[in-house]
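The structure appears right after this line, and notes come after that.
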Amino acid sequence: MGSLKAVLKHPDDFYPLFKLKMAAKAAEKQIPSEPHWGFCYSMLHKVSRSFALVIQQLNPELRDAVCIFYLVLRALDTVEDDTSIAADIKVPILVAFHQHIYDRDWHFACGTKEYKVLMDQFHHVSTAFLELSKSYQEAIEDITMRMGAGMAKFICKEVETIDDYDEYCHYVAGLVGLGLSKLFYASGTEILFPDPLSNSMGLFLQKTNIIRDYLEDINEIPKSRMFWPREIWSKYVNKLEDLKYEENSKKAVQCLNDMVTNALIHIEDCLKYMSDLRDPAIFKFCAIPQIMAIGTLALCYNNIEVFRGVVKMRRGLTAKVIDRTKTMVDVYGAFYEFSSMLKSKVEMHDPNAKTTISRIEAAQKICRDSGTLTNRRSYILKSEPSYSPALIALVFIILAILYAYVSANRPNKIKLTL
Ligand code: IN0
């Protein structure tokens with residue numbers, strides 16, 4: 001669960017965190033007994049936290065397809081990320097990955113920790129993939145092929161321009177959006193979404209990750225590739241790593257704000273995509289990561305800590321988002337609230353202030369025009385912790401039990417004084 005300090009500071013996180021913990025326990029108990037499906041679902045729990053829980057609500061057939069899609073993409077990503085593999089070995093593997101998923105005997109040792117296990121035992125993923133219905137297999141194969149080719153293209157190419165940045169994010173995340181839209185369509189409950197909308201869903205998530213993970217990526221040993229486009233950072237510093245040095249703090253924050261402003265452009269498409277979803281389980285599955293992304297951007301904006309440590313939404317807030325996201329009313333409310341938080345952090349002397357404000361206002365207008373922004377519970381606006389009567393009673397009972405225990409075990413003072 002979240003740290004005790006965080007829960008005491010935000011007591012209303014306690015119940016959603018407790019519910020999330022229970023849901024995680026229930027999900028772990030439901031791991032299928034067949035070895036290949038058991039491997040896939042327990043691997044999913046190891047490599048993703050909230051994703052593994054949210055996927056549980058999908059109908060079983062779609063859930064299996066999304067689980068395999070996720071693991072295939074994680075495996076592809078493991079090959080792409082492994083800096084110890086030479087480019088001439090890596091490129092053919094990436095390009096042919098869509099064929100390997102049909103081959104139960106294929107495996108390639110790379111990656112570390114749980115990703116190494118995923119790669120070593122990839123036959124479980126292939127076996128499960130071959131049990132999916134044809135329409136799901138074809139969607140996963142097509143996206144894996146296009147993503148592998150795109151990753152291969154960027155193995156020897158830096159992200160220079162904003163167009164490169166959008167192209168790279170399309171390969172690694174936009175295509176995930178296209179693939180999921182195909183899987184949703186194949187499941188029979190959704191329309192087939194236009195590609196640009198599906199693409200934006202992935203780009204909004206991936207750009208948020210790229211912004212949030214600056215320090216982790218730049219400090220990685222051996223050096224990992226960086227995805228902040230030169231066209232943006234070169235306006236502020238000579239080398240991308242200069243952003244982490246204290247003497248460049250002002251420029252670093254301006255550059256960060258430029259990157260956040262770039263990501264905001266996708267909000268309109270994302271809201272349109274989500275508002276057209278029909279199935280409540282698919283809706284929840286899509287909406288939770290999007291709300292987490294706008295929350296993370298609001299947290300990162302104008303925040304020097306991005307260059308000093310980890311900036312992430314606290315676990316309790318994530319639990320609240322998972323608990324409260326049910327309909328589009330919740331999405332408009334959350335987007336409105338997090339974009340208001342972001343707007344309140346914009347300083348008018350920031351070089352991109354005008355663009356940032358106009359992108360936020362465009363998003364807020366969509367939320368307002370939905371006519372649903374009334375009587376919502378806030379995620380962030382409470383500055384002081386509020387203690388509910390139930391929580392006060394609980395703390396009182398725990399203190400009373402502790403007092404009774406300590407009293408019962410105290411050495412008898414009367415005896416000593418006699
Ligand atoms: C995802 C996306 C994802 C989920 C739902 C709908 C989507 C629509 C379009 C594109 C992507 C969509 O969600 C996961 C979320 C995730 O993995 N979260 C991590 C936390 C974190 O901070 O990384 C967790 O531990 O739960 C996501 O980030 N990606 C992803 C990958 C595959 C699939 Cl099938 C769905 C990765 C990425 C690169 C952003 C697309």
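The values are calculated or read from the model by the stated rules, or taken from the named source; none is laboratory data. Everything quoted here is computed from the prediction, not taken from an experiment. No Cβ is skipped: glycine too gets one built from the backbone with ideal geometry, and neighbour counts run over all protein chains shown. The area values use the complete protein model at the heavy-atom level, side chains included, leaving out ligands, DNA and RNA. Shrake-Rupley method; radii C 1.70, N 1.55, O 1.52, S 1.80 Å.
Need a quick list: helices (runs of 4 or more DSSP H) entirely within the stretch 208-323 having at least 1 residues that are of a type in the set (Ser, Thr, Tyr) and over 22 Å from Tyr70 (Cβ atoms).
Those helices (runs of 4 or more DSSP H) span 214-218, 249-264, 267-275.
For every residue, the table says whether it meets (1) open to solvent by 10 Å² or more (accessible area, probe 1.4 Å); (2) touching a strand residue (DSSP E or B) at 6+ places or on another chain (Cβ under 6 Å); (3) over 15 Å from Leu62 (Cα atoms).
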residue: Gly111; (1), (2), (3): yes, no, yes
residue: Ala128; (1), (2), (3): no, no, no
residue: Glu138; (1), (2), (3): yes, no, no
residue: Gly150; (1), (2), (3): no, no, yes
residue: Phe154; (1), (2), (3): no, no, yes
residue: Glu158; (1), (2), (3): yes, no, yes
residue: Asp166; (1), (2), (3): yes, no, yes
residue: His170; (1), (2), (3): yes, no, yes
residue: Leu175; (1), (2), (3): no, no, yes
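Between a residue in the stretch 340-357 that is in a helix (DSSP H, G or I) and any residue that is among the small types (Gly, Ala, Ser), which pairs come within a Cβ distance under 7 Å, given they are 6 or more apart or on different chains?
Cβ pairs passing all conditions: Met341/Ala298; Leu342/Ala298.
Provide a single number: the residues in the stretch 180-196 that are in a loop (DSSP other than H, G, I, E, B), touching a residue at least 12 places away in the same chain (Cβ under 8 Å) and within 16 Å of Arg63 (Cβ to Cβ).
Final tally of qualifying residues: 3.
Check Ile322 against each of (1) over 23 Å from Tyr15 (Cα atoms); (2) open to solvent by 10 Å² or more (accessible area, probe 1.4 Å); (3) under 16 Å from the mean Cα position of the chain (by Cα) and name the one condition it does not meet.
Going through the list (1) over 23 Å from Tyr15 (Cα atoms); (2) open to solvent by 10 Å² or more (accessible area, probe 1.4 Å); (3) under 16 Å from the mean Cα position of the chain (by Cα), Ile322 breaks only (1).
Within the stretch 190-205, can you find the residues that are within 23 Å of Phe335 (Cα to Cα) and away from the ligand (no atom under 13 Å from the Cβ)?
Correct list: Pro194 only.
Taking the stated definitions as given, is Ser187 more than 27 Å from Trp106 (Cβ to Cβ), among the polar types (S, T, N, Q) and within 11 Å of the ligand (Cβ to nearest atom)?
no
Are any of the residues in the stretch 53-64 surrounded by fewer than 18 Cβ atoms within 10 Å (Cβ to Cβ) and away from the ligand (no atom under 16 Å from the Cβ)?
yes
Which ones in the stretch 26-78 are more than 25 Å from Phe283 (Cβ to Cβ), small (Gly, Ala, Ser) and not in a helix (DSSP H, G or I)?
Once the filter is applied, which keeps residues that are more than 25 Å from Phe283 (Cβ to Cβ), small (Gly, Ala, Ser) and not in a helix (DSSP H, G or I), the stretch 26-78 yields only Ser33.
Within the stretch 288-299, is even one residue crowded, with 16+ Cβ neighbours inside 10 Å, among the hydroxyl-bearing types (Ser, Thr, Tyr), closer than 25 Å to Ala363 by Cβ and in contact (Cβ under 8 Å) with a residue 12 or more places away in the chain? Working first, answer last.
Residues of the stretch 288-299 that are crowded, with 16+ Cβ neighbours inside 10 Å, as a first pass: 288-299.
Those still in the list that are among the hydroxyl-bearing types (Ser, Thr, Tyr) too: 296.
Now drop any that are not closer than 25 Å to Ala363 by Cβ, which leaves 296.
When the remaining residues are screened for being in contact (Cβ under 8 Å) with a residue 12 or more places away in the chain, the result is 296.
Looking for residues that are crowded, with 16+ Cβ neighbours inside 10 Å, among the hydroxyl-bearing types (Ser, Thr, Tyr), closer than 25 Å to Ala363 by Cβ and in contact (Cβ under 8 Å) with a residue 12 or more places away in the chain, one finds at least one in the stretch 288-299, hence yes.
From (1) more than 16 Å from the ligand (Cβ to nearest atom); (2) within 16 Å of Gln121 (Cα to Cα); (3) not hydrophobic (A, V, I, L, M, F, W, C), pick out the condition that doesn't hold for Lys90.
Among (1) more than 16 Å from the ligand (Cβ to nearest atom); (2) within 16 Å of Gln121 (Cα to Cα); (3) not hydrophobic (A, V, I, L, M, F, W, C), the lone unmet condition for Lys90 is (2).
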